[in-house]
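Here's the structure, in structure tokens; my notes come after.
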Amino acid sequence: MSRITKLLVANRGEIARRVFRTCRAMGISTVAVYSDADRAAPFVSEADEAIELPGAAPADTYLRGDLIIEAARKTGAQAIHPGYGFLAENAGFATASENAGLVFIGPPPAAIETMGSKIEARRIMLEAGVPVVPGGEITGLTGAAIAAAATGIGYPILVKASAGGGGKGMRIVRDPADLDDALVAAGREAKGAFGDDTLFLERYVDEPRHIEVQVLGDTHGLVVGLFERECSIQRRHQKIIEESPSPAVDEDLRTRLVETAVKAAEAVGYTGAGTVEFLLDPSGEFYFLEMNTRLQVEHPVTEMITGIDLVRAQIRVAEGNPLEAAVTSASTSGHAIEARLYAEDPRHDFLPTTGTLHRFQLLGDETEDILSTVRVDTGFEDGSEVSIHYDPMLAKVIVHAPSREEAAGRLAAVLARAHIHGLYTNRGLLVRILRHPEFLSGRTDTHFLDRHDPAELGAQLADPVAERMHALAAALAGQVEARTTNPVLTTLPSGWRNSPSQLQGFTFTGQSGEIEVGYRFDRTGLQVCLGGDPVPALLRSCTPESVEVEIDGVLRTFATHHIDDTWYVDSVLGHSALIEQPRFPQSQASAEPGSLRSPMPGKVVSVSAQENQPVEPGAVLVVIEAMKMEHSVRAPHSGTVTSVRVEPGDQVESDQVLIIVSEGADE
């Protein structure tokens, strides 16, 4: 096969940029495809050429294999790299690409199809002698037969989509009474994500670890395993922290895991990069979970400890080259941990957040030696828009260090110091997990976030005391900003009085509530009150972007950033987003009693309520889908539905009224 000289990436965001980076190093020209929503995204401008896919929804753009193949033809690309997600594990797309004379950077379509069906994959793994979790297919079964199958497998069970992955179409069922609802929800979610609502049942293993093995196969019959990654810290069955090596895997277990993974890949004639996933139970036994026939989101962890560029290896295999000696004789060095930074709010059931990233700086003034051990893969930058249409992952931050403890500490510090303004993220959750004694001791099973409340872990890093200091910094920066725009007396600080009088006042609202800041400049210096309490403070320097102030004898620097009515403040104490309250607030109309509002922008998937219908507390009335995840809006109390404001298919904004439920049942 001839060398690839131009490659199209059938994906978006950080994975497109990741593939482009390797292509540039290999001297390969690049082509991007982009939706209307991604027109201004960084990955589009980084490609040598780009083709628009009209529309915004994945079904109209990144899932349109015909348009992507036409884009490759139009630009003269020889190969297509699918990244992960979208069409990466679509055997039909792989076949269509090959039929169009293009090189598909991935395994043979037959391997994708086999492993893409978790039902077929289980059968083949059993034949190959690979251990699997007890389970069974339910296609064509009636409700009673499905219930009987679940009882035979044994509760708790996991309802799983046969197609796809990433936690979509999965529901844990512990009570047989919840089985029907779980089947409906999982099927609908799987249909929306993968276009296939086929489900099967599997026994749910309590307190397992999620261990996976990276494999690489060439077209000359050789498959190798590149050690394990642990991905047990998850929310909604999606990984948020991954690491290698696993603290639970010794050399003997590692050997058995890698040998089993290679056996699984060989059973389907695998080539290219793939990942075999296992569940490791507390007794040390492991079971085949699934095989992802693509590059994984967490592939940088393996790259950091082995020094192997997995995208380069994929491309070389697709060109027909045998695996290099660096791959076949790979070894590991140190420890790597990856954290996935999401635009979502752990305080509110991980609701996605959307809008503008006013500032997005993940690496600040780190020294050169630190920067050489930290990697950031992201599709966003200052000013980027985060839309409702795609996965809410903002970035992957990966750290490599000599030890696990050092890697965790360094990664937590990098995340804590990052400047992320405009959207609430899971940054606080990630930092607290990385610093948690249980994580540091290696107790990282998939129930970590069941034992530790995500709402508490996900609070902003600045505590109420820190938030008060941040409010002072915002007020001081604000007075400098105001002075620079005033046409007169520009040399006098705001609040200065020739004869001392009352303090200049600001009121902010933060996570801990309302914060009142009073300050005055006089001949003795700076006088400060926080929440009515005098606070010793000495101002060293102050600009609209930076405040250096000594509070209670401790000197700190606060970075300040003002957008509309919000002040974003970052310091060693954490991050705060403080809303400046107007001095003369206007009264606002109260909400209609019983209004149930959308918690996020999104699309209405289903409406199960009708006007005049009595409802009980917890009843699901509306289901909203955004960023490939569903959220149920439930009745907060018993009552009667008095108004239904939406219908399936509607696009809704955050805080939009969906339904009104009067409290108490009608007589």
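The values are calculated or read from the model by the stated rules, or taken from the named source; none is laboratory data. As the structure is a prediction and not an experimental result, all values here were calculated from the model. With ideal geometry, Cβ positions are generated from the backbone for all residues, glycine too; neighbour counts draw on all protein chains shown.
Observations on the structure shown:
- Region 169-203 - residue that is surrounded by 21 or more Cβ atoms within 10 Å (Cβ to Cβ) and within 21 Å of the chain's Cα centre (by Cα) and, of those, nearest to G274 (Cα to Cα): F194
- When the criteria are applied in full, A182 meets the requirement of being in the same structural domain as K160 (by TED's automatic domain parsing) and closer than 19 Å to D450 by Cβ.
- Considering residues of region 453-477 that are of a type in the set (D, E, K, R) and closer than 14 Å to I579 by Cα only, the residue surrounded by the most Cβ atoms within 10 Å (Cβ to Cβ): E467
- Pairing residues of region 137-165 that are assigned to a strand (DSSP E or B) with residues that are surrounded by fewer than 20 Cβ atoms within 10 Å (Cβ to Cβ) and charged (D, E, K, R), at Cβ distances under 8 Å and at least 6 apart in sequence or on separate chains, gives I157/R203; L158/R203; A161/D196; A161/D197.
- Residues satisfying the stated conditions in region 62-99, i.e. at positive phi and over 29 Å from the mean Cα position of the chain (by Cα): G76
- Look at (1) surrounded by fewer than 21 Cβ atoms within 10 Å (Cβ to Cβ); (2) in contact with a helix residue (DSSP H, G or I) (Cβ under 7 Å, 6 or more places away or on another chain); (3) within 22 Å of A313 (Cα to Cα) and you find that L8 fails only one, number (1).
- Evaluating L530 against the criteria (1) touching a Pro at 6+ places or on another chain (Cβ under 9 Å); (2) more than 15 Å from V480 (Cα to Cα) leaves one unmet condition, (1).
- Test: residue in region 107-119 that is basic (K, R), surrounded by 22 or more Cβ atoms within 10 Å (Cβ to Cβ) and closer than 30 Å to D60 by Cα: yes
- Verdict on I80 being among the β-branched types (V, I, T), surrounded by 19 or more Cβ atoms within 10 Å (Cβ to Cβ), touching a helix residue (DSSP H, G or I) at 6+ places or on another chain (Cβ under 7 Å) and outside any helix (DSSP H, G or I): yes
- Residue match in region 44-57 (condition: acidic (D, E) and under 16 Å from K603 (Cβ atoms)): no
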